[in-house]
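A quick write-up on the structure given underneath.
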C-alpha cells in the first residue's frame, strides 16, 4: 500500500476527513487556509535552506547514537503535537472516528519532510505551493 492510498477517495476506507456538509463546509475553508498559511511560513526568508541541514544531521545520526536519540526525541515531540491537533479535529468530527491520529501525524510529517527535500533540490516555491494545496485538498476530500 502506498502512503497516499489511505487518503484517496477509492482507498480502503475512503477519505480520512469526513464530508459532512454543514460542519466541514465551514471547517474545510479554515483547514485549507491554515494549511496554506503553514506552507507560507515554512518558506519564509531563507529558512528553507537551513531546513536542508536536516539531511546532514540525518546522515550524522546514522553514525552517532547520541544525535540519533536527540533527533528521535524531536521527531516524537512533533508527532505528539500534531497528534493532539488531529485529535481535536477528530473530536469535532472533521477527522473520521476510525483514523489513528498518531499514524496520520507520522504520515503528514513524512510528507512535510518530502516537501523540504524537494524545495532544497528545486526551490520553485510556486509549484511547490500548488502541489501542497492539491495534496491537502486530496487528503481532506479524497
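The table for this structure:
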item	result
Meets criteria (in contact with a strand residue (DSSP E or B) (Cβ under 9 Å, 6 or more places away or on another chain) and either part of a helix (DSSP H, G or I) or at pLDDT 85 or above (or both)) for residue 104	yes
Members of region 40-57 found to be surrounded by 10 or more Cβ atoms within 10 Å (Cβ to Cβ), at pLDDT 75 or above and within 16 Å of residue 118 (Cα to Cα), listed by number	40, 53, 54, 55
Output for region 90-101, where each listed residue is at pLDDT 85 or above and under 22 Å from residue 132 (Cβ atoms)	99, 101
Pair list, Cβ under 7 Å, 6 or more apart: region 29-42 residue closer than 14 Å to residue 135 by Cα, other residue at pLDDT 75 or above	32/136; 32/137; 35/136; 36/133; 39/129; 39/132
Conditions (1) more than 14 Å from the chain's Cα centre (by Cα); (2) exposed (fewer than 12 other Cβ atoms within 10 Å of the Cβ); number of the one not met by residue 96	(2)
Qualifying residue in region 77-84 (condition: under 21 Å from residue 30 (Cβ atoms), at pLDDT 85 or above and surrounded by 15 or more Cβ atoms within 10 Å (Cβ to Cβ))	yes
Unique residue being under 13 Å from the mean Cα position of the chain (by Cα) and more than 23 Å from residue 137 (Cβ to Cβ) when the list is 79, 101	79
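The values are calculated or read from the model by the stated rules, or taken from the named source; none is laboratory data. Note that the coordinates shown come from a computational prediction; the quantities given were computed from them, not determined experimentally. Every residue, glycine among them, receives a Cβ derived from its backbone with ideal geometry; neighbour counts consider all protein chains shown.
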